[in-house]
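Colleague: Here it is: the structure, laid out below.
Just so you know, all these numbers are worked out from the coordinates, no wet-lab data involved. Every value quoted in this text rests on a predicted model; they were computed, and no experiment measured them. Methodologically, a virtual Cβ is constructed for each residue, glycine included, from the backbone with ideal geometry; neighbour enumeration extends over all protein chains shown.
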Amino acid sequence: MGQTKLWFLAVLLGVCTWLEPGKGSHVPPDAISGLGKLQGIAKPPPRGSLPFHMNSVIQVVEVLESHHLDGHLNLTMTELARGLGCCDSEFYQLLLGEAPAVPPDLPFLSQEQRSFLMRLVKHEVHASSTEQGVVLLPDGTTVAVSPLLAGIEAGLKGRREVPLPPEALELLLVTTEPLNQTHLELPLTIDTLYAVTIAKALGVAFLLAQANESQVPMGPNGCWDSVSEPQNFTLLGRPSPLTDAFINGALDGVILGAHLAGQGEPAAPLSTLLREYYTGDGLAGESQARSNFRRQNFVQLTEAGQLEEQVVRSLQLLRALPRMAPLLSGVGDEELLAAASRAVQEFTEAYLECPAVIPRCMWGARPYKGTPTQLKLPLSFVYIHHTSSPSQPCRTFPECAADMRAMQRFHQDDRGWDDIGYSFVVGSDGYMYQGRGWHWVGAHTRGYNSKGYGVSFIGDYMDTLPEAFALTLVRDNFLPCAVKGAKIRANYTVHGHRQMVHTACPGNLLYREIQTWQGFK
């Protein structure tokens with residue numbers, strides 16, 4: 001696939017990621033001129049802007065709902081977002097319908113709300129590595145709004161596995177390779193929910209990476225300039241077509257869309273749905289039907305092989321669209337199948353099998369004192385701890401972040417250590433928290449810090465156990481993920497802290513529990 005084709009493929013498909021010329025992107029400089037509006041330096045938000053937080057989204061949705069009910073507005077939030085340019089490509093219009101017309105001045109919104117909405121509906125990553133179209137959630141993670149709204153709209157339409165529209169079938173019949181030359185059957189149906197959230201985006205990201213080995217297909221996470229008043233979100237590494245925030249939004253879009261598709265009429269107001277899922281007790285009062293558990297819930301919704309099939313079908317449909325056909329003309333069935341297979345495998349390993357980890361910047365870590373010593377990977381041991389103090393489990397992001405800061409202060413100020421001692425810390429909110437992380441030697445197990453990772457559960461577990469999902473997160477997600485990522489050896493050993501030094505840690509009941517884990521000796 002030619003260099004210019006790669007660049008314009010990324011732009012036309014809405015993969016709004018900065019590909020910097022001369023830095024391994026193979027993007028011709030002349031293809032970039034004039035595209036500053038899409039991928040240029042991010043403009044700072046105007047003064048008085050709403051915080052880029054889900055609470056602000058819910059506030060705007062409530063305004064729209066009130067005007068919808070009194071007859072002054074005939075558009076829902078998802079329709080309004082599409083009318084403003086969210087998910088407005090041929091692909092989305094074919095599956096979700098034409099984007100509606102939008103009142104030019106949005107008179108029902110304040111200037112502050114209009115500015116917020118206009119910055120929200122298009123997902124872009126700028127040259128400065130700031131990501132736009134994302135919001136901070138109460139659980140400490142970040143979501144891109146466009147795939148979230150696309151999934152919600154697909155669910156509201158009640159359309160899951162549907163026949164392809166006649167015009168799409170006509171396009172496929174014209175563009176499909178002769179049967180004796182193709183490995184693919186002509187798709188007659190497509191799951192609109194997966195297609196408009198994650199399937200098309202995954203396929204495109206890996207087609208780009210397949211054509212350009214220096215292109216990273218997924219990640220990274222990022223940091224907000226403020227947790228209380230978030231305005232700017234900056235990525236922690238090289239941008240890709242699928243940032244962590246985009247993937248979070250896509251997973252949530254599938255979960256909420258599936259929930260809506262399974263509901264009878266009328267559906268609950270969108271503001272209620274968002275509040276239950278992001279700030280409340282979970283969908284339909286189910287405590288784990290909320291954003292903290294998006295990875296686990298997506299796995300439960302998605303049958304084996306289903307996602308790869310939808311990636312293939314999405315790419316087949318994309319290849320048939322008139323604007324895409326010239327750019328994808330060199331993509332044969334074998335290349336398409338290879339991209340889909342690799343995409344689903346790597347996505348599954350990184351975002352479904354591995355636990356979500358809250359980075360240091362999000363819990364408010366102080367800088368490391370001095371220069372950290374690098375671990376020599378892979379390691380052979382994992383040492384399990386409990387914090388004892390804090391003695392109570394933390395169940396929300398603010399609680400867990402406060403506990404992390406308190407432990408770091410104690411370790412640095414009272415004990416004189418360079419940083420928080422643990423490698424990773426486990427909350428009772430569904431997340432792990434980055435301490436010293438994968439690469440820095442910790443201060444968790446005297447005499448053994450360079451030999452293994454120290455993983456600590458927040459709370460005192462002498463007479464009680466951590467939440468079952470917290471145990472699962474370490475036993476079934478963290479440990480296999482560390483093996484696949486070459487952070488620990490396949491024949492790793494799990495020890496309780498008390499086996500290495502004289503201590504009651506990790507508590508009697510937690511110690512009894514880990515004796516049942518694979519690798520315990």
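Colleague: Could you please find all residues in the stretch 237-274 being surrounded by fewer than 19 Cβ atoms within 10 Å (Cβ to Cβ) and under 24 Å from Lys122 (Cα atoms)?
Modeller: Gly237, Arg238, Pro269, Thr272
Colleague: What number of residues in the stretch 460-475 are part of a loop (DSSP other than H, G, I, E, B), without any contact (Cβ under 8 Å) to a residue 60 or more places away in the chain and either in contact with an Asp or Glu (Cβ under 8 Å, 6 or more places away or on another chain) or within 18 Å of Val382 (Cβ to Cβ) (or both)?
Modeller: 1
Colleague: Now for a separate question. Within the set of pairs 6+ apart or on separate chains, which have a first residue in the stretch 297-309 that is within 15 Å of Ala339 (Cα to Cα), a second that is of a type in the set (S, T, N, Q) and in a helix (DSSP H, G or I), and C-beta atoms under 9 Å apart?
Modeller: Partner pairs satisfying both residue conditions: Leu307/Thr348; Glu308/Ser341; Glu308/Gln345.
Colleague: Can you spot a residue in the stretch 129-143 that is part of a helix (DSSP H, G or I), out of contact with any Ser or Thr (no Cβ under 7 Å at 6 or more places or on another chain) and closer than 18 Å to Leu270 by Cα?
Modeller: Within the stretch 129-143, none of the residues are part of a helix (DSSP H, G or I), out of contact with any Ser or Thr (no Cβ under 7 Å at 6 or more places or on another chain) and closer than 18 Å to Leu270 by Cα.
Colleague: Quick one: in the stretch 428-459, of everything that is of a type in the set (S, T, N, Q) and either outside any loop (DSSP other than H, G, I, E, B) or in contact with a Lys or Arg (Cβ under 7 Å, 6 or more places away or on another chain) (or both), which residue is surrounded by the fewest Cβ atoms within 10 Å (Cβ to Cβ)?
Modeller: Ser428
For every residue, the table says whether it meets (1) in contact (Cβ under 8 Å) with a residue 60 or more places away in the chain; (2) in contact with a Ser or Thr (Cβ under 7 Å, 6 or more places away or on another chain).
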residue: Lys484; (1), (2): yes, no
residue: Val494; (1), (2): yes, no
residue: Thr503; (1), (2): no, no
residue: Glu513; (1), (2): no, no
residue: Gly519; (1), (2): yes, yes
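Residue-wise test of (1) over 30 Å from Ala406 (Cβ atoms); (2) part of a strand (DSSP E or B).
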position	(1), (2)
Ala343	yes, no
Pro355	no, no
Cys361	no, no
Arg366	no, no
Val382	no, yes
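Colleague: Please indicate, with yes or no, whether at least one residue in the stretch 271-281 is out of contact with any strand residue (DSSP E or B) (no Cβ under 9 Å at 6 or more places or on another chain), farther than 26 Å from Met432 by Cα and among the small types (Gly, Ala, Ser).
Modeller: Yes, that holds for at least one residue.
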